[in-house]
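Data block below; observations after.
What follows is calculated from the coordinates using simple rules that are stated; it is not laboratory data. None of these values were measured; they are calculated from a predicted model. Note: ideal-geometry Cβ built from the backbone for every residue, glycine included; neighbour counts use all protein chains shown.
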Amino acid sequence: MPHLWLSRSWTTRPRRPGEAEDAYVWVTPEAFRRRAADGGFLEWAEYLGNLYGTPVPEPPPGHDVLLEIDLQGAEQVLAKNPDAVVVLLLPPSLEVQRERLVARGDSAEHVRRRLERGREEVARGQAIAKYVVVNEDLDRAVRELAGIVAKTRRKDGDGS
């Protein structure tokens, strides 16, 4: 299995009840904007009223960088690095996505806005993604993603 380094995003949104403390770097809007102004993000965007950003990656040698980002971020990364491999991760259905959002404690209004926005983003995501993974079963989705990384490394001639 390839060596992956998962970037940890910054956000200004409040932490959800029960959400892992290390899921994000939780910051104030002021701290986020300072970091953005200093060029500290590879990509960043506002999504449904909150700021999210990926710090400029500094992975250990021999590791591939895995960014867990939204469509706006993927478009920014591709503009900076056209060789980046975009994998679109989709839920098995809108109903499953709705159930997942509700289960994690999102408000009815947030769920509505997220689903509405998601419908608009799928076509754009499919246009820029080299691969699509349906996240019906987490273990299978992780295996598919690891396979994509391994396949991409072989094509690039790295082979490790």
Q) So what does log10 I(q)/I(0) come out to for the stretch 4-155 at q = 0.18 Å⁻¹, using the Debye formula with one equal point on every Cα and no solvent? A) -1.37
Q) For the stretch 1-66, what is the Kirkwood hydrodynamic radius in Å, using each pair of distinct C-alpha atoms? A) 12.9
Q: Select from the chain the helices, each a whole stretch of DSSP H, whose alpha-carbon atoms run 24 Å or more along the helix axis and whose Kyte-Doolittle mean is at least -1.0; answer none if there are none.
A: 138-155
**Q.** Peptides ranked, highest mean first, by Cβ atoms within 10 Å: ranges 84-97, 108-121
**A.** 84-97, 108-121
Q) If contacts are Cα pairs under 8 angstrom and at least 6 residues apart, what is the relative contact order of the chain in percent? A) 23
